[in-house]
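Chemist: Pasting a structure here, questions to come.
The values are calculated or read from the model by the stated rules, or taken from the named source; none is laboratory data. The structure presented is a predicted model; accordingly, all values stated were derived computationally and were not measured. Cβ sites come from the backbone with ideal geometry, for glycine too, and all protein chains shown count toward neighbours. In case anyone asks, the SASA skips ligands and DNA or RNA and just uses the protein heavy atoms, side chains included. Shrake-Rupley method; radii C 1.70, N 1.55, O 1.52, S 1.80 Å.
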Amino acid sequence: MKAALFDLDGVVFDTEPQYSVFWGSQCRLYHPEHPGLEHEIKGSTLEQIFEIGWGGELVPEREKVVERLNAFEAQMHLDYVEGFEAFVESLRRKGVKTAVVTSSNRQKMENVYRKHPEFKGYFDAILTSEDFSESKPSPDCYLRAAKRLDVSANDCVVFEDSINGLRSGNAAKMRVVGLLTTNPIEKVRELSDIQISDYKDLSI
């Protein structure tokens, strides 16, 4: 392993339960006929989410959703998945390159940097939705991360929790570690090489 590529929500930060609450409320408000839609859109960019659920006559509602989302993210708790900090520090000591590859946008990341000034120091690169043209489950984002770190896909390990993210890592022909922070092990196991609940007992 020459590079470790981490998704953000549900992988670095244990935020997925909070996003499930937010998107659950929006999906029930706009799509009561489609229960569980908030789980189907996990790992998607905001643009993709809007294409899925806020098209046609709902396009004018997008601005309201963005305002609610920004307000929600500004007050979110950003707690690291247990053991993450020690694990990523151990990777860096051993010369493994690290990157965040997230469907979140740069505005969201500014919230992260304000709350965690140490965050950037854990990574050699941080790729957001503005850095790739195709989002997960396309492999584009992870392939771009490998290129930026100047490593081959064969030498990368992806850490993911969402179904779209796991599929993205597999499509990039990378090894995949599945976090059990969002989906049941039965679903994660199908799309990952190993499964972990946190980083406490994980070593290189």
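Chemist: Any chance you could look up the accessible area of Val157 with a 1.4 Å probe, heavy atoms only, rounded to 10 Å²?
Modeler: Its accessible surface works out to 20 Å², give or take rounding.
Chemist: Let me ask you something else. Net charge near Cys156: determine it from the other residues with C-beta under 11 Å of the C-beta of Cys156, scoring Lys and Arg +1 and Asp and Glu -1.
Modeler: That sum, taken over residues with Cβ under 11 Å, equals +4.
Chemist: Could you give me the ³J(HN,Hα) list for the range 19-34, computed from phi with Karplus coefficients 6.51, -1.76, 1.60 and θ = phi - 60°, whole Hz, x at Gly and Pro?
Modeler: 5, 4, 5, 5, 5, x, 5, 6, 5, 5, 5, 9, 9, x, 7, 10
Chemist: Using the Karplus equation 6.51 cos²θ - 1.76 cosθ + 1.60 (θ = phi - 60°), what ³J(HN,Hα) coupling, rounded to whole Hz, does each residue of the range 82-97 give in order, writing x for Gly and Pro?
Modeler: Karplus-based 3J(HN,Hα) across the range 82-97 equals 3, x, 4, 4, 5, 5, 5, 5, 5, 4, 5, 5, 8, x, 7, 6 Hz.
Chemist: In a shell of Cβ-Cβ distance under 12 Å around Ser138, excluding Ser138 itself, what net charge do Lys and Arg (+1) and Asp and Glu (-1) give? It would help to have the intermediate numbers written out before the result.
Modeler: Details: positive: Lys136, Arg144, Arg167; negative: Glu134, Asp140.
Summing Lys/Arg as +1 and Asp/Glu as -1 gives +1.
Chemist: Next question. Between the helical axis of 106-115 and the dominant principal axis of the chain, each derived from Cα atoms, what acute angle in degrees is found, rounded to the nearest 10?
Modeler: 70 degrees
Chemist: So, one more: Output the antiparallel fraction of DSSP beta bridges having both residues in the chain, as a percent to the nearest 5.
Modeler: Taking every DSSP beta bridge with both residues in the chain, the antiparallel ones total about 5 percent.
Chemist: Using each residue's phi in the range 155-165, evaluate 6.51 cos²θ - 1.76 cosθ + 1.60 at θ = phi - 60° and report the 3J(HN,Hα) Karplus result to the nearest Hz, with x for Gly and Pro.
Modeler: 9, 10, 10, 9, 10, 9, 10, 7, 4, 4, x
Chemist: With a 1.4 Å probe and all protein chains kept in place, how much accessible area does Glu134 have, in Å² rounded to the nearest 10?
Modeler: Spelled out: Glu134, probe radius 1.4 Å, area about 100 Å².
Chemist: Pairing the Cα long axis of helix 140-149 with the longest principal axis of the chain, what angle in degrees results, from 0 to 90 and rounded to the nearest 10?
Modeler: Helix 140-149 sits roughly 40 degrees off the main axis of the chain.
Chemist: Rank Asn170, Asn105, Asn70 by mean-square fluctuation in a GNM of the chain with C-alpha springs under 10 angstrom and give only the top-ranked residue.
Modeler: Evaluated over the chain, the most mobile residue of the options is Asn70.
Chemist: Can you sort Tyr142, Tyr19 by solvent-accessible area, 1.4 Å probe, largest first?
Modeler: Tyr19, Tyr142
Chemist: Using a probe of 1.4 angstrom, how much of the accessible area of the chain is carbon and sulfur, in percent?
Modeler: Numbers: 4740 of 9920 Å².
Taking all protein chains in place, the chain shows 48 percent carbon and sulfur surface.
Chemist: Order the following by accessible area, largest value first: Met76, Met1. Probe radius 1.4 Å; ligands, DNA and RNA are ignored.
Modeler: Met1, Met76
Chemist: How charged is the neighbourhood of Val59? Take every other residue with its Cβ under 14 Å from the Cβ of Val59, and add Lys/Arg as +1 and Asp/Glu as -1. The partial results should precede the final answer.
Modeler: Details: positive: Arg62, Lys64; negative: Glu47, Glu51, Glu57, Glu61, Glu63.
Taking every Cβ under 14 Å from that of Val59, the sum is -3.
Chemist: Between Gln75, Gln26, Gln18, which gets the highest mean-square fluctuation from a Gaussian network model of the chain, Cα cutoff 10 Å?
Modeler: Among Gln75, Gln26, Gln18, the largest GNM mean-square fluctuation belongs to Gln75.
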